[in-house]
Structures are given as structure tokens and as C-alpha cells.
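Trainee: Got a structure for you, questions after.
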Amino acid sequence: MMDRVKNWFSSDSSRGLTLIGLPFSFSLLLLAAPMLLIFFLGFWTQDYLDLDRSFSLDNYIEAWSEPMYRDLMLRSLGISATVTLATVMLAYPMAYFISFHGGNRKALWLFLVTIPFWTSYLLRVFLWKVILGYNGVLNSALDWLGVIEEPLTFILYNANAVIITLTHAWAPFAILPIYVALEKIDRSYLEAATDLGDGPLKSFLRITLPLSMTGVVGAALIIFIPTIGDYVTPKLVGGKDGLMIANMIQVQFMKANNAPLGASLAVSAMGIVSMISLVFLALNRRWLRKRGS
Amino acid sequence: MTEKLKTDSKKTIVELNGVVKHFGEIVALDGVSAQIREGEFFSLLGPSGCGKTTLLRLIAGFEQPTKGNIIIDGFQMHGVEANERPTNMVFQSYAIFPHLNVEENVGYGLKRLNLGKDETARRVDEMLNLVDLDNYNKRPAHALSGGQRQRVALARSLIMKPKVLLLDEPLSSLDKNLREQMQVELRHLQRNVGITFIFVTHDQEEALTMSDRTAVMFEGQIVQIATPQEIYSRPKSKRVASFIGVMNFIEGQLLKGGDQNTTVDAGILGNVKVNPDQMPIPLISGPVTIGIRPEMLTLLFEDQDRIEFEISGVILESAYFGDMTYYTVQVKGLESPLTISMRNTAGRRVLEDGESARVGWGAESLVILKKSEL
Amino acid sequence: MNSNKNTLKVFAYSYLIFLYAPVLLLPIFAFNDSTIISFPLNSFTFKWFAGLTQETYLQESLKNSLFVAISTSILSTCLGILASRASARYEFFGKKSILSFLILPLFLPEIIIGVALLVVLMQLGLPLSLWTVILGHTLVCTPFSIAILNSAFANMDMSLEEASLDLGETRFGTFKRVILPMVSPGLIASLLIGFTISLDEFIIAFFLTGTETTLPVYIWGQLRFPAKLPGVMALGFLMLLLSLILLLLVEFFRRRMNRITEDQANVQFGNLFKT
């Protein structure tokens, strides 16, 4: 019996568990526990500073039925989806260009693409404000060129500004995974397709695109899920019409002293986003299968 | 250094007793027993998956046996870790530490012994000299060729003065010429150093060339341990016979067993009297498989006299190998053609396809094997 | 075919301009002698950079940020080493689930993490400080560390470990003399990535700092005061330069990683985005 115990201790399994024990405990404490707490918090109520721990669905009902929160939620989802779509659609040709036409300078292109993002995120958002403002860079330039007479106002302090800014901010997170996926495609597949009569567009649609899908999907998820929770951009350039759910969550936790409502909003947001992501993944898998391998 | 250091001591340095190894459901070793003598060049030979590498790793201590035990130099190795055993291993990939140079690699194991810089350097130089890599000390690992890596791996292990050196298919990644050269060098090295080598290979030619004794393994079991000559000329089973070199098989009958008057009915070859030692394992009367090596068959030319054991046939095809020619000969009465090898001595002509041939052999060339499905 | 390539080329360069648009403004306004961040420009000046040396609060925040970033990078790399080694080398019960859980923070919005941690800390009655920020940052950086190191450990030839043991070295000695040096480029990359992420991280720090702020939180405060803005521009420009240097270092070590382990570093960074 002691022998078997001793054997287990020097076995692979025990060594593996020991090693991963520390990071796992860390995560349990700092991630699992807080997440659970947030989850349960949504079912409690808070009155000023008193926390009532009795089970109640009030907060969730409020979060889902109150038009203000509903609209905010839908707007946040809309912005996230738009940003994801815009970022990926702009990033894909860029990644394609670097991978297929980059030649010896691929590393240099990648380097160049990431440099702008080694500045503080806050400053970048602020600088977009400078660019998009009434007297900002864009308006001054367009005026100087004679393209417009009046400064454009639809580009700042609303959802548009948020979308533009975030599409910029997430760019490298889309370009890199798509690039990696494109790089992995064996060029001889495309040569074979051309040999068999496919024009460039067809071979792209039938071969390149499906094979690069893992990169596209990865990029989409990396962008979509965290964007829901972005706080800085809506706050700085969103004005009133561009605020997102994270701003409301912060308000509930801080000024409004209603942490449980904030928690229910947060959990609802995460729930919806996860559902959408799973549906997206499932649809994507069907699409790939239909395309035929 | 004397070439032939025939070891006098028959001391057993490694003893394997009923070693069994399971990996979950898979049985890698199914009861292996052997005694390996001190100073021997011992090889483990078998096809991929036969368990030879597993056995080597068990001796090295990287795995523990499920059942049975291993004794090295008289000590039980049960529960003894790899870093505590008096063995060292040369890995198939050589496992040269890529971030260290040659002398750091070779001297790796000495570090824990705290010999001091001078003594360590001296020993490293001695080893490098032994493997013909003098002055390679500062060469970085990535700048070494395959053959050089192998020597560094050897030096690194030998410097530890192990009781047993374990080699896991060390020559398999080398090209043919280098491999043959290394076979000779390894043999000399082993003789020089006098350490027991246990050598794993799937190449039967390699095993036969280099070993004092070989253990042939199939499916987790040792089927025969013997000297190369014995394995070649007296294989214990049809499978061993086929695995080592080429063998012609003829189905026959054993008419009387075990004594001086043993006779086999060798089908088309007629009734032949054989010695008991032509039966590697004792058999009783009944169906047997008779084996005969290609070089034990000969093709007789027109001008040669008729011999006792001779039949006629037709040349189907020939394969020229420079020093030898291998003929495939169809003989009446035998379903499968015979493979016959002839040395291309001066003046001897190569027979052509379609030519009729006279096939001769000697009774003492036959090996009587148990009839089996392969 | 060529026209396709040319359209792509035009697109690529235009996109690049889009990417650089805000960043190019940094040096422009950092050297612009005007308190207002807009065109037209005035004369060239260094005074905003000089002014940074007077901002004690800025320097405090910078020091705090450096402290947090260094601690975070070390902690997350250590946890990453343990997790990656376990993942690459051993099989054990629940391995897939545990690993998925460990990289989960990559897919959670930072505000959720920040808010959740805040709630827990308040419930436990623990005070907020730089250490609470370090904990939050470590949680977020460890998945990156695991992604980088997992590749490095997985690509390591196991026979090297066995060879070391075979030559008499202990398990710990083997780790020190063979394993660690071989994954060292990955280690450096992990440290640098952790450092960089932590240095720029705002939301979690915003929720979890006490009285001592980090640099991003400081900047956030400054954005409300127009007079402070040029100084912030100068600061931003300096930070860009620092990041560039760090990035060059990462590139250098990535090249070395290629040589030593004979590996496609693209795959390693690519694994950052593979789950």
C-alpha cells in the first residue's frame, strides 16, 4: 500500500498537479471566487450602504426590463458587433497584403503595424478626440482642402466616434491572428487551384478564405467579447449617445451605490456576449463544413 | 591498445528477471529475462515496437518495471532513479545540450563531483582524444555535424565511467558510409574502454557486425540470445531466421527425432540426414520448416561434376550487387523460388534469365525449424 | 493579377496612415508651443518635456507604475512557468479544464475583472493599494505568459532532460542547468509582455488603486485639465520611445529563440491567438 502511495507521488500525474497547483489556486482565488461573488451579488439588493443578502430577482428584472438599460445593452452589442466587423474587414486585406505580397519585408511590415500601439491607450483615445473634434485635425484638413464649409459634427461625441476609435485600437489584434492563419496556408494549394482553372477571386473564396477562418474567428472573438466592456473610449469620445454598458456598470458600483444592479448588468452582458459567441462559433463551423473540405 | 581484449570474466553485470512493462493497456514487455556479461558488446535487436527501447529505458531507470526486477552490478534497481544508477545512455537524437559547447557538454556530469577546474579539463581532454575530437572544446553545439554530435554524446557518457553504456539506435540517423565507419569505431572504442555496451538497433546487419552476443526481440519478448554466428546459422524460429538476412524455407517432415539418425524429408530435396545441432530447438517427428541460407545454395556450371545433393531449375531473375549476385531460381516441385547468392569471383560468369540451372547444397547447411505461421 | 496587387498596396499604405494618425500627433503637439491641442501650430519648444521634471505627482505615479509592472511581470512569469511546464510535460486529471480556466482572463472584459476583484476585496475588508493592482494585473498577464511559455516548453526535447538526469543531475539541477536556459528567450518575452501590459493597463488599476496611483490613472486625471495636456503629450511621446526600445529587445530575443531551439517563432506568437 505504501508502495503505491510512494509510486503515485513520483508519478507524472502528481508532479503535474503540484506544479499547476499554485497558478490554479491563484486563479481560483482571484478569478473564480470574485466571479461567483459577482454572480450572486446580482441576486441581492443594496440600499445605500446596506447589503441585503436575501435572494431577489429585482435587479435582473430591472436590468432586462428598464428601457434605459435595454437600450444601453443593445447599443453596446451593436457597437461591439460593428467594431468587430469593421476591424476584421479592414485587417484582413492588410494581413493578406503582408502575407502574400510582403516578400522579404514581412517582419518589417508587422513591426510597423504594431508600433502605433505601443503608446498609452488612453492617449490614443484622447488623440482621436483631437482628430475628430469640431476644431480638430480632420475638420481643419478638410476645410483647408476645401472639401467642406462647415465642420463635421457627426464624428465626435457619439457612437460613431466610439466605433472609429475602437476599430483603430483593435487593429493589431485582428491583423496578427489573421496573418498567422494566412501564413500557414500552403501556397501550393493555390497553385493547384489556378492550375485547375480557378481565377484569383475564386481561388481566394474557395481556398484562402476558408483556410484562414481560424484566424478570423480568433480575431473576432478577441475583439467582440472585451469590447462590450470597454470603458475608456465611450467615456472620452462617446458623449451622451455613445456611452456603453461598462460606463453604467461603473456608475452603479461607484456613485449610485447599487453594486447588485451593477453586478446584474455585468452578468447579463457577459451572458449575452457568450451566447452570441457560441452561436457564432457554431454557425462558422457549419459554414466551413458546407464549403467542403 | 590491444585489439582483441577478450573478456575472461563471465561476471554478470546486468541481470533481467521476468521484466514486464505495461503502459496502460499496452504490454510493451512480456516477461524478459537475460544475463549480460561484463565487458560484452550486447545488442538488442528487433523490429520497431518490439520493446527493445523500452527495455533499454528500464535499465537506464527512466521507467520502472511493472513486474520483475533488474539487477545491475549486483544491486537491485527497484525504485532507484536514473540519476543514481551506474549506467549512462547515448540517446537516439544524441541530446546534445544546444546552449552549451563541446567541453561543457562533455563535462556536464562531472560538475556535481566538484573535481575542480583543472581535473575536469584534463578528463574532458582525455575523452575528446578518445573519440577523436581533440581541440573541439569550444565548438558550440549547433556547429557540430551528426557524426560529431554522436562522438560528443559518447564522450559525455563515457567520462562518467559507467558500469554499463546504453546506446539507443545511435547510428540510425547517419548516412550509410558514416554508419559503417562508426560501427567499426564503436567496436574499437568498446574494446579499448572495456565497458559493457548494450546497443539497441533494428538493423540486423549492424547487430551482427558489432556484437559479442545479440538478443532478438519480437513483441516484448526475447526469443533468442546468442552470438551472431549462432543466430545466423542456427536461428531458433522461422521468424528469427527471416529477420536476420535472407532465408529460403521448404516445408518438410521430420522422420526421426533427436539422435544421430535424424532424417528429414525435405520435399523436392529428398531425404537428408542431419545432425542434432542443426535443430536449434528440440522437435518431435512431424511437419517442420527447413531453412537454408542463399549462400549455402550454389549454382553449378556445366563443367562441374554432379554432386550428391543437386536439383535442376530455371533462373527467373538476377540482381547484381557488385561483389555478389543474387539469383531467383524456380525449382520444379517447389512452389516458391529459391534465392541463391553467388560470389562474383574472377572468371565466373553471371547466369542469364531463362537459363536452366543446377542448384546444389550440402546437408549440413539445413536448419530444421518448428513449423509455424510467420 | 498586378492590378489586384496594386490596389492592395494602396490599401495597405492608406491603412498604415490610418493606424499612425493619432500617434503622429504626439510628437507634433509635444513640441508645439501652445497650451491648446489643436491646429494651427506655433513654434517648436522643449519646454513641455522640461516641465515634466517638475511634476512630482507624475514621477510618483511613474515609480508606482514601474513597481507594479515589474512585480506583475515577475509574478505572472513565475505562474506561467509552473503552468506551462505542467501543461507541456505532464498528463493529469482535469488538465484541459484547468488550463482553459487559467487562460479565461484573456476573454473577459477588464471591467468585469476589475469590478469583481473590487467587490471581493471590499467584502474581505482588505485595503486597496499597489499590491491589489499587482494581483489584478497578474491575473490578466498570466494567460499571456502561459501562451508564450507553453510553446517554449512543448518544443523542448524531452531527451535533453533525460540526458541530464542520466548524467547524474537532480531534477532541480536539471531545471536550472538545462530547462531554464533553453526556455530563457520565452522567459524574457514573457517578462517583457507582462511588463508592457501592466504599464499601460488602466481599468483594473482604476478600480483597484488606493491612494497611490499608477501612470495611466494619473494620465486619466490629467485629461480633464487643458493646461496639463501638452505635458501629457510629451509624456506620451517619451513612453512611445521607451516601448519601442522594449519592442526591439523582444525582437532580439525572439531571433535568438529561433537559433537555439530551431523553431518558428511565428508559431509561438501565433499560439498567443490560438486557444
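The values are calculated or read from the model by the stated rules, or taken from the named source; none is laboratory data. If you're wondering where the values come from, they're calculated on a predicted model, not measured in any experiment. So basically every Cβ, Gly included, is an ideal-geometry build from the backbone, and we count neighbours across all protein chains shown.
Trainee: Would you confirm whether or not the stretch B:80-87 contains a residue that is within 26 Å of residue C:175 (Cβ to Cβ) and touching a residue at least 60 places away in the same chain (Cβ under 8 Å)? Step through it out loud before you land on a result.
Mentor: First pass over the stretch B:80-87, keeping only residues within 26 Å of residue C:175 (Cβ to Cβ): B:80-87.
Add one more test, that the residue is touching a residue at least 60 places away in the same chain (Cβ under 8 Å), and what stays is B:86-87.
Yes: the stretch B:80-87 contains one or more residues that are within 26 Å of residue C:175 (Cβ to Cβ) and touching a residue at least 60 places away in the same chain (Cβ under 8 Å).
Trainee: Also: So residue A:176 ticks every box in (1) of a type outside the set (Lys, Arg); (2) more than 30 Å from residue A:159 (Cα to Cα); (3) at pLDDT 85 or above but one. Which box is left unticked?
Mentor: Single failed check for residue A:176: (2).
Trainee: Additional query: Looking at B:249, B:243 in this structure, which one is of a type outside the set (A, V, I, L, M), more than 17 Å from the chain's Cα centre (by Cα) and crowded, with 17+ Cβ neighbours inside 10 Å? It would help to see each step written out before you state the result.
Mentor: Values: B:243 fails: more than 17 Å from the chain's Cα centre (by Cα).
When all the criteria are applied, what remains is B:249.
Trainee: Turning to a different aspect of this structure: Say we look at the stretch B:334-374 and pick out the residues that are hydroxyl-bearing (Ser, Thr, Tyr), closer than 25 Å to residue B:323 by Cβ and in contact with a helix residue (DSSP H, G or I) (Cβ under 7 Å, 6 or more places away or on another chain); which of these is surrounded by the most Cβ atoms within 10 Å (Cβ to Cβ)?
Mentor: Among those residues, the one meeting the criterion is B:341.
Trainee: If a residue counts only when it is more than 29 Å from residue A:251 (Cα to Cα), which helices (runs of 4 or more DSSP H) contained entirely in the stretch A:143-236 have at least 2 such residues? Full working, then the answer.
Mentor: Working: elements: A:159-169, A:171-183, A:187-195, A:200-203, A:213-228.
Of the helices (runs of 4 or more DSSP H) lying wholly inside the stretch A:143-236, those with at least 2 residues that are more than 29 Å from residue A:251 (Cα to Cα) span A:171-183, A:187-195, A:200-203, A:213-228.
Trainee: Taking the stretch C:96-114, which residues are facing chain A (nearest Cβ under 7 Å), farther than 19 Å from residue A:220 by Cα and surrounded by fewer than 22 Cβ atoms within 10 Å (Cβ to Cβ)?
Mentor: C:98, C:101
Trainee: Name the residue that is modelled with the lowest pLDDT, counting only residues in the stretch A:85-122 that are among the aromatic types (Phe, Trp, Tyr) and within 17 Å of the chain's Cα centre (by Cα). Quick ask: steps written out before the conclusion?
Mentor: Of all residues in the stretch A:85-122, those among the aromatic types (Phe, Trp, Tyr) come to A:92, A:96-97, A:100, A:109, A:111, A:117-118, A:121.
If we keep only those that are within 17 Å of the chain's Cα centre (by Cα) too, we end up with A:92, A:117, A:121.
Details: A:92: 94, A:117: 84, A:121: 88.
Checking each candidate, the answer is A:117.
Trainee: If I ask for residues that are within 9 Å of residue B:83 (Cα to Cα) and either assigned to a loop (DSSP other than H, G, I, E, B) or β-branched (Val, Ile, Thr) (or both), which ones from the stretch C:152-172 would you list?
Mentor: Within the stretch C:152-172, C:167, C:168, C:169, C:170 qualify.
Trainee: Among (1) under 28 Å from residue B:143 (Cα atoms); (2) facing another protein chain (nearest Cβ under 7 Å), there is one condition residue B:92 misses while meeting the rest; what is its number?
Mentor: (2)
Trainee: On to the next question. So which of C:130, C:117 ends up being touching a residue at least 12 places away in the same chain (Cβ under 8 Å) and either more than 12 Å from chain A (Cβ to nearest Cβ) or surrounded by fewer than 18 Cβ atoms within 10 Å (Cβ to Cβ) (or both)?
Mentor: Numbers: C:117 fails: either more than 12 Å from chain A (Cβ to nearest Cβ) or surrounded by fewer than 18 Cβ atoms within 10 Å (Cβ to Cβ) (or both).
Going through C:130, C:117 in turn, the sole match is C:130.
Trainee: I would also like to ask the following. Residue A:29 passes all but one of (1) in contact (Cβ under 8 Å) with a residue 40 or more places away in the chain; (2) more than 23 Å from the chain's Cα centre (by Cα); which number fails?
Mentor: (1)
Trainee: Have a look at B:214, B:209 and point out the one that is closer than 22 Å to residue B:16 by Cβ and at pLDDT 90 or above. First the steps, then the outcome.
Mentor: On the way: B:209 fails: closer than 22 Å to residue B:16 by Cβ.
Going through B:214, B:209 in turn, just one is closer than 22 Å to residue B:16 by Cβ and at pLDDT 90 or above: B:214.
Trainee: When you check residue A:282 against the structure, is it of a type in the set (Gly, Ala, Ser), in a helix (DSSP H, G or I) and away from every other protein chain (no Cβ under 12 Å), yes or no?
Mentor: Values: of a type in the set (Gly, Ala, Ser): yes; in a helix (DSSP H, G or I): yes; away from every other protein chain (no Cβ under 12 Å): yes.
Answer is yes for this residue.
Trainee: Go through the stretch C:21-33 residue by residue and tally those that are surrounded by 15 or more Cβ atoms within 10 Å (Cβ to Cβ) and either at the interface with another protein chain (Cβ under 7 Å from one of its Cβ atoms) or not in a helix (DSSP H, G or I) (or both).
Mentor: So the count comes out to 7.
Trainee: Considering only residues that are part of a helix (DSSP H, G or I), within 18 Å of residue A:129 (Cβ to Cβ) and facing chain A (nearest Cβ under 9 Å), which ones fall in the stretch C:223-239?
Mentor: C:229, C:232, C:233, C:235, C:236, C:237
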